[in-house]
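Quick notes on the structure that follows.
The values are calculated or read from the model by the stated rules, or taken from the named source; none is laboratory data. Keep in mind that what you see is a predicted model, and the values were worked out from it rather than measured. Ideal geometry is used to build each Cβ from the backbone, glycine not excepted, and the neighbour counts take in all protein chains shown.
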Amino acid sequence: MQKQSGLPAGAVTRAGLEPDSTLTLDRRSFLRAALAGGAVTSTGLASMRSAEAGLSFPEDRRLFGGGGAVSRSENDLYDCEVEGDIPADLDGVFYRVGPDPQYPKPAQYENDIPFDGEGHVTMFRIKDGHVDYRSRYVRTQRWKAQHAARSSLFGMYRNPGTDAPSVKGLSRGTANTQVFYHHGKLLALKEDSPPVAMDPLTLETLDDYYTFGGGLKGETFTAHPKIDSHTGELIGFGYEAKGLLTDDVEIISVDPKTGKVTWSAWIKVPYAGMLHDFGVTEKHIMFLVIPMVSSREILARNGPHFAWDSTLPSWLGVMARGGDGSDLRWFKGKGEMATHTMGNWSDGSKVYFDMDGAPTNQFPFFPQLHESFDPNAASGQIRRMRVDLSRKQDNFEVEILYPEVRGVLARQDDRYHTVHYRFGFLQAGRQGWAIVDHQTQLAKFYNPGPDTTLAEMCFVPRRKDAPEGDGYLIGIATRLKENSRSDLILIDAQHPEDGVIATVHMPYRIPGQVHGFWVGGSDLPEV
């Protein structure tokens, strides 16, 4: 056991920081599996064309925006074509966001990662059996500066030393990872910066540096906040919150009506690195620190923000909600990777934390410090971590759930973020969408068949007060043989074997997606 006042000795020690020379693996295969359905499939950054030559993205799919992966088109489509029957009482909006490069970058940054594109939000408004579509770029400080300059001004992923001098002091945030609805605002999120607030009906950007009325003091905010299942309050955090490469984490709670911060605490983590998602229960908050470390040396060589250091352990931190963080305990585990929370809960002194993950690095676009990327080992599975706070244990236990199910982007019914849950969802690659039932310990699948890939799904309750898991899965299907045209599909979450209930046919490929979020119509502001 480690107290917050005594972080693990030697936790920040790392071996030499030489990037892996084999970083030319098939990144497209990885991204197609993780971000299918119109998501970015490129892996580098193109050379900037001269002003005389005009704007041009590369044809090479291995380059950032290559092969037509860029959209850049903001659209409205009123009354989309629908095949099948959308349930008459289904009322709400399916929001999604992903990186959509605004401009190609200079040749010296051609090894940048695909997640550095500007955030492009799309929405499907569903009501009375009709569907309206809208897409808008998030008007971040970065987007506005590049729009005015008509060129790329920001260099490598989360590496401010590579930016043009003219943008010094501006937020580098792209708002391209997740969208969340709370206290009447749509929040576009990227973990290296505060949220961007948008109008949930028009997608107009309202505030390009939103700090919850000044309550967020740190420089960052997670892309994966949680909503308390009882109170509706939003719980979030920011890592590297006091600046680049710092080991400081800020945790806040936000009132569902006023949007004001009602509680905050600061803690430190064993080492600076990626802290993508976290867990919140009725009583506890959990952080999994993985050896995807931040490296000053790689940043100095104009590299990306992270590298995988297999010599470091993982650390699971558990603290009480509502306190000052002084009770935080760190439990040691193998140096494994886990990125997205499926669900978590507290049971007396026992805490359970389910995430998708793998025993090694799952992001081939980040350098490896000691070995080559292993795509087989990187295959994701559902991992349950547990600790008993009443015991004097030093380590946390990990159990692999559903060994036959492999995938990424774990989700749950969003009404159950902080309580014991039954159903989880996973984008399971060639298996399609997976639905796991922790009560029966069985998994079901929806598979779209050949020539179609699926983006991350989102669960939609059949009614606002429907039991857990009683509803639909909604998400984007990409038709590979139709120039990657997009369809929005809806299936019954309890009977995925019955196939698609309704399909919203889009006449083109819509912008790519990392994550999506469903908001019921009764929760939206009145027109």
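Out of the residues in the range 272-308 meeting the condition of being charged (D, E, K, R) and modelled with pLDDT under 95, tell me which one is surrounded by the fewest Cβ atoms within 10 Å (Cβ to Cβ).
Keep residues of the range 272-308 that are charged (D, E, K, R), which gives 277, 282-283, 296-297, 301.
After this cut, where a residue has to be modelled with pLDDT under 95 as well, the list is 296-297, 301.
Values: ARG296: 10, GLU297: 13, ARG301: 13.
Step by step, filter the range 272-308, then rank; the result is ARG296.
Taking the range 277-292 as the region of interest, how many residues are among the β-branched types (Val, Ile, Thr), over 18 Å from the mean Cα position of the chain (by Cα) and assigned to a strand (DSSP E or B)? Give the derivation first.
Initial filter on the range 277-292 (among the β-branched types (Val, Ile, Thr)): 280-281, 285, 289-290.
Checking the rest, the ones that are also over 18 Å from the mean Cα position of the chain (by Cα) come to 281, 285.
Pick out the ones that are also assigned to a strand (DSSP E or B) and you get 285.
Residues that pass the stated criteria total 1.
Restricting the search to the range 440-461, which residues are among the aliphatic types (A, V, I, L, M) and either outside any loop (DSSP other than H, G, I, E, B) or more than 14 Å from PHE423 (Cα to Cα) (or both)? Working first, answer last.
Pass one, the range 440-461, residues among the aliphatic types (A, V, I, L, M): 442-443, 454-455, 457, 460.
Matches in the range 440-461: LEU442, ALA443, LEU454, ALA455, VAL460.
Considering only the range 443-469, how many residues are closer than 17 Å to ILE86 by Cβ and in contact with a Lys or Arg (Cβ under 6 Å, 6 or more places away or on another chain)?
Total meeting the criteria: 0.
What residue, among those in the range 338-378 that are in a strand (DSSP E or B) and of a type in the set (Phe, Trp, Tyr), is nearest to VAL419 (Cα to Cα)? Spell out how you get there, then give the answer.
Within the range 338-378, the subset in a strand (DSSP E or B) is 338-347, 350-358, 368.
Checking which are of a type in the set (Phe, Trp, Tyr) leaves us with 345, 352-353.
On the way: TRP345: 5, TYR352: 10, PHE353: 11 Å.
Filtering first and then ranking leaves TRP345.
With respect to LEU480, is the statement that it is within 24 Å of THR177 (Cα to Cα), out of contact with any Gly (no Cβ under 9 Å at 6 or more places or on another chain) and of a type in the set (A, V, I, L, M) true?
On the way: within 24 Å of THR177 (Cα to Cα): yes; out of contact with any Gly (no Cβ under 9 Å at 6 or more places or on another chain): yes; of a type in the set (A, V, I, L, M): yes.
Spelling it out, LEU480 is indeed within 24 Å of THR177 (Cα to Cα), out of contact with any Gly (no Cβ under 9 Å at 6 or more places or on another chain) and of a type in the set (A, V, I, L, M).
For (1) in a loop (DSSP other than H, G, I, E, B); (2) in contact with a strand residue (DSSP E or B) (Cβ under 9 Å, 6 or more places away or on another chain), each residue gets a yes or a no:
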site: MET123; (1), (2): no, yes
site: ASP132; (1), (2): no, yes
site: SER135; (1), (2): no, yes
site: SER152; (1), (2): yes, no
site: GLY169; (1), (2): yes, no
site: ASN176; (1), (2): yes, yes
site: PHE180; (1), (2): no, yes
site: LEU186; (1), (2): no, yes
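Of the residues that sit in the range 462-484 and are assigned to a loop (DSSP other than H, G, I, E, B) and either touching a residue at least 40 places away in the same chain (Cβ under 8 Å) or of a type in the set (D, E, K, R) (or both), which one is surrounded by the fewest Cβ atoms within 10 Å (Cβ to Cβ)?
Across the range 462-484, the extreme among qualifying residues is ASP465.
Return only the number of the condition from (1) more than 23 Å from TYR181 (Cβ to Cβ); (2) of a type outside the set (S, T, N, Q); (3) modelled with pLDDT of 95 or more; (4) outside any strand (DSSP E or B) that ILE435 does not satisfy.
Against the list (1) more than 23 Å from TYR181 (Cβ to Cβ); (2) of a type outside the set (S, T, N, Q); (3) modelled with pLDDT of 95 or more; (4) outside any strand (DSSP E or B), ILE435 comes up short only on (4).
Among the residues of the range 256-276, which ones are among the charged types (D, E, K, R) and assigned to a strand (DSSP E or B)?
Matches in the range 256-276: LYS268 only.
Being among the β-branched types (Val, Ile, Thr) and either within 22 Å of the chain's Cα centre (by Cα) or assigned to a strand (DSSP E or B) (or both) is the filter here, so list the residues in the range 306-337 that pass it.
Filtering the range 306-337 down to residues among the β-branched types (Val, Ile, Thr) leaves 311, 318.
Of everything in the range 306-337, just one residue is among the β-branched types (Val, Ile, Thr) and either within 22 Å of the chain's Cα centre (by Cα) or assigned to a strand (DSSP E or B) (or both), namely VAL318.
Would you say GLY67 is assigned to a helix (DSSP H, G or I) and either surrounded by fewer than 20 Cβ atoms within 10 Å (Cβ to Cβ) or not charged (D, E, K, R) (or both)? First the steps, then the outcome.
Details: assigned to a helix (DSSP H, G or I): yes; either surrounded by fewer than 20 Cβ atoms within 10 Å (Cβ to Cβ) or not charged (D, E, K, R) (or both): yes.
Considered against the rule, which asks whether it is assigned to a helix (DSSP H, G or I) and either surrounded by fewer than 20 Cβ atoms within 10 Å (Cβ to Cβ) or not charged (D, E, K, R) (or both), GLY67 comes out as yes.
Inside the range 433-456, can you point out the residues that are in contact (Cβ under 8 Å) with a residue 40 or more places away in the chain and within 23 Å of the chain's Cα centre (by Cα)?
TRP433, ILE435, VAL436, PHE445, TYR446, THR453, LEU454, ALA455, GLU456
So in the range 379-413, with the set limited to residues that are outside any loop (DSSP other than H, G, I, E, B) and under 17 Å from TRP433 (Cα atoms), which one is farthest from the chain's Cα centre (by Cα)?
Step one: list which residues in the range 379-413 are outside any loop (DSSP other than H, G, I, E, B), which gives 381-388, 395, 397-401, 408-412.
Cutting the leftovers down to under 17 Å from TRP433 (Cα atoms) gives us 381-382, 401, 408-412.
Working: GLN381: 17, ILE382: 17, LEU401: 22, VAL408: 11, LEU409: 8, ALA410: 10, ARG411: 11, GLN412: 14 Å.
Result: LEU401.
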